[in-house]
Amino acid sequence: MEILSTMNAFLTERLGELGPLLLVGGLGIVLIVVALPVMMKKPPDEFARIKAQRDNGPIKKGAKGDALRIAEKSDKLERFSNFLEPQNAEQLSASRLRMLRAGYRSKNAVRMFHFSQMVLGLGLLALGLVYTLLNAATSGLEPSTQTMIISTLGPGAAGYYLPQYWVNRRLTQRENEIVSGFPDALDMMLVCVEAGQSLDQSIIRVARETKAGYPALAEEFEMVSNEVKAGKERVTVLRDMAERVGVADVASFVTTLIQSATFGTSIAEALRVYSAEMRDKRVMRAEEKANKLPTKLTLGTMLFTVPALLLILIGPSLHGIAVAFGGQGG
């Protein structure tokens, strides 16, 4: 008991009244960081190992062995998939679709997302705790409970939500880029089809020509052409593209192509009608933004223009009134 009392007095003297609590919290974080690799370690699956050996065969020296080693290094998070991926199939599918729409197409994109959330959250939480302790030790002042909570939990929460903000930002940028470049891509596809090229050849040409201005849209068209070359049905490929992109204009375009192929109508005529509709929608979006502009400028006009205008108009009158009342008082 005397040892505990001495340690309590020492911590209170050094770190303030919350010194023992801070020590316990720091030890808890250290234990969590140490125990996470052990708890998250996934036991090896013998059936998966046997299947990998059967598929890959014996490891030989040279390019094949190097490729296998690179694949093994790049999938280190496979052991922690039970903790870094949603266990519900619907949630996992939704997370993968969201990462696809943001432009992250790797197999372990969902794992990397949750891993970055965990690392940034715990790392910035530890940095905030260290900063709080150092600040209290150097200044000699005891920080308040509110200050300690803000300086420790604030960076941790920011680190946890930073990957989510980044993915949402990437997703919005890709959607805006696809919406902006889709009318031009349809016009180019219509020209290619009317020039005598097939739909697959026109998709390849559009992907190559739009890569400089709209890389996200070009990437989607390239994926469509590669899947069709691999032998996948065109209807399935187009539907996968509509689901992967998540843009209403692309979904309507896919529906138009599928209906045209189902009923045997001319693809060129369908593209001509739909491309004209997309151009009209682009003009309507531009007009909508232009009509919203006066409303958005109202607050700025009131804050910066009206006070200056009132000062110019009323200022001389107020100055004259003040001078007149000052002369009467004298």
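Can you tell me which residue in segment 181-205 is modelled with the lowest pLDDT, limited to those that are within 18 Å of LYS229 (Cα to Cα) and of a type in the set (Gly, Ala, Ser)? Reasoning before the result, please.
Within segment 181-205, the first condition is being within 18 Å of LYS229 (Cα to Cα), and the residues that meet it are 197-205.
The next check asks that each one be of a type in the set (Gly, Ala, Ser); those that pass are 198, 202.
On the way: SER198: 86, SER202: 90.
Checking each candidate, the answer is SER198.
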GLY320: passes all of (1) within 30 Å of GLN197 (Cβ to Cβ); (2) of a type outside the set (A, V, I, L, M, F, W, C); (3) not assigned by TED's automatic domain parsing to the domain that holds SER198 but (1)
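Right, ARG170: in a helix (DSSP H, G or I), modelled with pLDDT of 90 or more and more than 27 Å from the chain's Cα centre (by Cα) or not? Steps first, answer last, please.
Values: in a helix (DSSP H, G or I): yes; modelled with pLDDT of 90 or more: yes; more than 27 Å from the chain's Cα centre (by Cα): no.
Against the criterion (in a helix (DSSP H, G or I), modelled with pLDDT of 90 or more and more than 27 Å from the chain's Cα centre (by Cα)), ARG170 does not qualify.
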From the option list THR255, THR265, single residue qualifying as assigned by TED's automatic domain parsing to the domain that holds GLY196, within 33 Å of the chain's Cα centre (by Cα) and of a type outside the set (A, V, I, L, M) is THR255
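In segment 134-154, which residue that is in contact (Cβ under 8 Å) with a residue 40 or more places away in the chain and more than 29 Å from TYR165 (Cα to Cα) is surrounded by the most Cβ atoms within 10 Å (Cβ to Cβ)? Walk me through it before giving the result.
Initially, segment 134-154 is screened for residues in contact (Cβ under 8 Å) with a residue 40 or more places away in the chain, giving 136-137, 142-143, 145, 148.
Right, trim to more than 29 Å from TYR165 (Cα to Cα) and you get 136-137, 142-143.
Values: ALA136: 21, ALA137: 11, GLU142: 14, PRO143: 18.
Across segment 134-154, the extreme among qualifying residues is ALA136.
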Within segment 272-317, of all residues that are over 32 Å from the mean Cα position of the chain (by Cα) and in the same structural domain as VAL254 (by TED's automatic domain parsing), the one nearest to PHE182 (Cα to Cα) is ALA276
Among helices (runs of 4 or more DSSP H) entirely within segment 193-267, at least 2 residues that are surrounded by fewer than 19 Cβ atoms within 10 Å (Cβ to Cβ) and acidic (Asp, Glu) occur in 199-209, 215-229, 234-245
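So which of LEU303, LEU293, LEU311, LEU299 is surrounded by 11 or more Cβ atoms within 10 Å (Cβ to Cβ), more than 23 Å from ASP187 (Cα to Cα) and free of Cβ contacts under 8 Å to residues at least 12 places away in the same chain? Explain how you work it out, then say what you get.
On the way: LEU303 fails: surrounded by 11 or more Cβ atoms within 10 Å (Cβ to Cβ); LEU293 fails: surrounded by 11 or more Cβ atoms within 10 Å (Cβ to Cβ); LEU299 fails: surrounded by 11 or more Cβ atoms within 10 Å (Cβ to Cβ).
After ruling out the rest, the residue left standing is LEU311.
The values are calculated or read from the model by the stated rules, or taken from the named source; none is laboratory data. This one's a predicted model, so the numbers in the text were calculated from it and none came from an experiment. As a convention, Cβ positions derive from the backbone with ideal geometry for all residues, glycine included, and neighbour counts pool all protein chains shown.
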